[in-house]
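Peer 1: The structure that follows is given in the form of structure tokens.
The values are calculated or read from the model by the stated rules, or taken from the named source; none is laboratory data. As the structure is a computational prediction, the values presented were derived from the model and not from experiment. Ideal geometry is used to build each Cβ from the backbone, glycine not excepted, and the neighbour counts take in all protein chains shown. Ligands, DNA and RNA are stripped out before the accessible areas are found, and what is left, the full protein with its side chains, is counted by its heavy atoms. Shrake-Rupley method; radii C 1.70, N 1.55, O 1.52, S 1.80 Å.
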Amino acid sequence: MASMLDFWNSRIERAPLEELQEIQLRKLKSLVDNVYRNSAFYRQRFDEAGVKPEMIKSLDDIVKLPFTYKKDLRDNYPTKMFSAPLSQVVRYHASSGTTGKPTVVGYTRGDIECWSTSLARAFTSCGLGHGDVMIVSYGYGLFTGGLGAHYGAEEVGASVIPMGVGNTQRQIELMQDLHATAIACTPSYLLHMNETAKAMGISIKKDTDLRMAFLGAEPWSLETRARIEKSMGIKAYDIYGTSELSGPLFTECKCQDGIHVWADHFLLEVIDKNGDPVPEGKKGELVVTTLSKEALPLIRYRVGDTTILNNQECECGRTHPRIMRIMGRTDDMLIIRGINVFPSQIESVLMTIPEVGEHFQIIADRKGELDELTVRVEVTKTAFSDKLADLMKLEQKVGYELQKVLNLSTKIELVETGTLPRSQGKSQKVIDRRKI
Ligand code: DLL
């Protein structure tokens with residue numbers, strides 16, 4: 001069994017960039033060759049774009065290849081985009097399909113191994129290892145969060161408690177009784193868990209052994225991280241991935257300065273809305289090419305998330321590229337009276353206001369011809385007042401702080417703690433009534 005030490009000692013973690021790029025080019029060439037031969041989908045796409053595998057001579061040539069989109073997976077439902085024979089598929093996951101046909105992802109044995117090792121390398125970079133006990137509170141089943149985190153944690157030799165979602169009180173009891181040191185769940189669920197623990201008379205900080213959390217599957221801000229770390233006495237690491245790329249795959253390291261993406265398995269680009277590369281350090285849409293996936297390799301896959309690429313070596317010594325905190329999906333962005341608003345910007349502002357609790361909702365609506373943005377926020381128990389003047393003052397303060405950042409006036413609605421819906425999986429913070 002691989003141990004924590006094996007992952008860190010593996011030279012690849014600190015290989016010079018040129019060496020990583022050599023590996024990438026070798027794998028890219030063989031990938032392009034393979035899909036051209038084995039996938040009717042890719043062969044047709046390449047032919048339409050006039051590219052042949054032998055035209056890929058350097059990493060820069062990747063721009064000659066056409067993009068792939070989530071829509072392609074839907075249009076080729078369930079397995080028409082696969083490049084390996086179905087007899088080699090050992091597992092399927094699928095998206096919930098709430099916005100149309102679900103997307104189905106298949107995994108060969110090699111794919112599962114690569115996915116687990118990728119997360120094991122990531123967990124190791126945060127100090128998770130043998131002797132740790134991890135509660136996995138992402139959903140198990142078709143969603144990739146549960147099994148993904150589970151396999152990664154087992155790979156580093158941690159003990160896993162496969163909780164899945166729900167039954168929060170039981171989760172807290174087991175956290176105490178089995179001395180859990182780590183948890184993997186959505187940030188919104190951990191906040192809910194913290195509230196539930198308080199109501200049970202338990203302080204996660206003082207009465208449990210929890211010391212780290214792997215939070216992701218939805219956007220969350222640095223300010224939310226600061227609150228979580230302070231109130232629960234833990235380190236909260238960002239974990240990222242998407243079902244099409246396998247599931248949760250990458251995390252920050254102990255330095256908490258960007259998410260390490262393993263260059264020996266994935267090739268990254270960040271592009272602008274015209275599809276052109278943005279200069280390093282500028283934000284844009286993440287595009288990923290999977291270099292090792294067998295069942296469903298993806299070439300120049302438009303993930304749809306907005307981020308910044310950082311190719312500088314990390315303070316931890318790892319040389320692999322980092323993506324900076326995901327600012328949200330390009331399709332999450334609201335356009336209010338012509339102004340682009342990311343829900344993550346609103347979260348960042350709210351979490352700096354001490355009187356505001358962790359739960360909020362953003363409602364976009366149209367009054368006549370005019371867009372209107374309402375931000376409904378919970379006020380902390382200590383700040384809640386029955387004096388109207390106090391509440392009005394707070395309302396103004398929240399509105400003012402948001403206006404400064406968004407350049408947009410918003411309607412603020414203050415509500416009592418516990419009023420807004422709590423989520424166990426991904427939270428639904430935005431309601432866009434203009435689309436209904
Ligand atoms: O959410 C996989 C996952 C499970 C990641 C557990 C992390 C932890 P999907 O359901 O396909 O897969 O959703 C992927 O969720 O494109 C992002 O928009 C968003 N997302 C995932 N992680 C983060 C994160 C899983 N750390 C979509 N920060 C992605 C911001 C995230 N957004």
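Peer 1: Based on the alpha carbon coordinates of the stretch 228-359, what radius of gyration and maximum Cα-Cα distance (Dmax) apply, in Å?
Peer 2: Rg, Dmax (Cα atoms, Å): 16.2, 50.
Peer 1: Sequence gap at least 6, Cα distance under 8 Å: using those rules, report the relative contact order of the stretch 63-175 to the nearest whole percent. Mind dumping the intermediate values first?
Peer 2: Working: 147 pairs, mean separation 24.2, N = 113.
It comes to 21 percent, rounded to a whole number.
Peer 1: Out of Gly241, Gly304, Gly338, any idea which swings most in a Gaussian network model of the chain, alpha carbons joined below 10 Å?
Peer 2: Gly338
Peer 1: Looking at the stretch 359-436 only, what percent of DSSP beta bridges run antiparallel? Nearest 5 please. Don't jump to the answer; show the numbers that get you there.
Peer 2: On the way: 8 of 17 bridges.
Of all bridge pairs located within the stretch 359-436, approximately 45 percent are antiparallel.
Peer 1: Run a plain Debye calculation on the chain (Cα atoms as equal point scatterers, no solvent) and give log10 I(q)/I(0) at q = 0.07 Å⁻¹, rounded to two decimals, same order as the q list.
Peer 2: Log10 I(q)/I(0), no solvent term: -0.36.
Peer 1: Determine the percent antiparallel among the DSSP beta bridges restricted to the stretch 178-334, to the nearest 5.
Peer 2: That works out to approximately 70 percent antiparallel.
Peer 1: Using bins 10 angstrom wide from zero, how does P(r) for the stretch 101-240 break down, in % of all Cα pairs?
Peer 2: Percent of pairs per bin, in order: 12, 45, 33, 9, 1.
Peer 1: Right, another one. Between Lys80 and Leu391, what is the label-point separation in nm under the 7 Å Cα-to-beta-carbon projection?
Peer 2: Simple spin-label model gives 5.6 nm for this pair.
Peer 1: So between Met333 and Glu54, what do we pick up on full extension, going 0.36 nm a residue minus the alpha carbon distance?
Peer 2: 96.6 nm
Peer 1: Which loop GluC sites (Glu not before Pro) in the stretch 287-324, with loop taken from DSSP, have no more than 15 other Cβ atoms within 10 angstrom of their Cβ?
Peer 2: Details: sites: Glu294, Glu313, Glu315; in loops: Glu294, Glu313, Glu315.
Answer in residue order: Glu313, Glu315.
Peer 1: On to the next question. Provide the convex hull volume over Cα atoms per residue for the stretch 308-389, in Å³.
Peer 2: 153 Å³
Peer 1: When the accessible area of the stretch 112-224 is computed with all protein chains present and a 1.4 Å probe, what percentage of it is carbon and sulfur?
Peer 2: 53 percent
Peer 1: Another question about this same structure. Taking only C-alpha pairs under 8 Å that are 6+ residues apart, what is the relative contact order of the stretch 141-248 in percent? Display every interim value, and only then the final one.
Peer 2: Details: 120 pairs, mean separation 30.1, N = 108.
About 28 percent, as a whole number.
Peer 1: To continue, here is another question. Specify the residue with the greatest mean-square fluctuation among Leu267, Leu391, Leu350, computed from a Gaussian network of the chain linking alpha-carbon atoms under 10 Å apart.
Peer 2: Among Leu267, Leu391, Leu350, the largest mean-square fluctuation in the Gaussian network model of the chain belongs to Leu391.
Peer 1: Under 20 °C and 1.002 mPa s, how fast does the stretch 340-436 diffuse according to Stokes-Einstein, given a Kirkwood radius computed over C-alpha pairs? Answer in µm²/s, whole number. Don't skip to the answer; put the middle values down first.
Peer 2: On the way: Rh = 14.0 Å.
The Stokes-Einstein estimate is 153 µm²/s.
Peer 1: If you don't mind, there's one more thing I want to ask. Taking every DSSP beta bridge with both residues inside the chain, roughly what % is antiparallel (nearest 5)? Don't jump to the answer; show the numbers that get you there.
Peer 2: Details: 40 of 65 bridges.
For the chain, the DSSP antiparallel bridge percentage is about 60.
Peer 1: Length gain on complete extension for the stretch Lys71 to Glu280, per 0.36 nm per residue less the alpha carbon to alpha carbon distance? Intermediate values should be presented prior to the final figure.
Peer 2: Values: separation 209, 0.36 × 209 = 75.24 nm, distance 2.77 nm.
The span from Lys71 to Glu280 would gain 72.5 nm if fully extended.
Peer 1: Taking Cα pairs under 8 Å and at least six residues apart, what relative contact order does the chain come out at, in percent?
Peer 2: Computed value for the chain: 14 percent relative contact order.
Peer 1: Counting helices only, and only those DSSP H runs with n ≥ 4, report the 222 nm mean residue ellipticity of the chain as the sum of -39,500 (n - 2.57) divided by its residues, in deg cm²/dmol to the nearest 500. Before the final figure, lay out each step's value.
Peer 2: Numbers: 12 runs with 138 residues, N = 436.
The per-residue figure over the chain is -9500 deg cm²/dmol.
Peer 1: Normalise the Cα radius of gyration of the stretch 159-286 by 2.2 N^0.38 Å (N = residues in it) and let me know the number. Before the final figure, lay out each step's value.
Peer 2: Values: Rg = 17.1 Å, N = 128, 2.2 N^0.38 = 13.9 Å.
Scaled against compact globular proteins, the figure is 1.23.
Peer 1: Continuing with the same structure: P(r) of the stretch 299-344 in 10 Å steps, Cα pairs, percent per bin?
Peer 2: Whole-percent P(r) values from 0 Å outward: 23, 38, 27, 11, 2.
Peer 1: Next up: Rounded to the nearest angstrom and ordered from largest down, what semi-axes does the equivalent ellipsoid of the stretch 95-179 get from its C-alpha gyration tensor (root of 5λ)?
Peer 2: Over the Cα atoms of the stretch 95-179, the ellipsoid semi-axes are 24, 20, 8 Å.
Peer 1: Taking the chain as a Gaussian network, Cα atoms linked when under 10 Å apart, which of Val261, Val63, Val156 shows the biggest mean-square fluctuation?
Peer 2: Looking only at Val261, Val63, Val156, the biggest GNM fluctuation is shown by Val63.
Peer 1: Accessible area per residue, 1.4 Å probe, Å², for the chain: what's the number?
Peer 2: Here the residues of the chain average 45 Å² of exposed surface.
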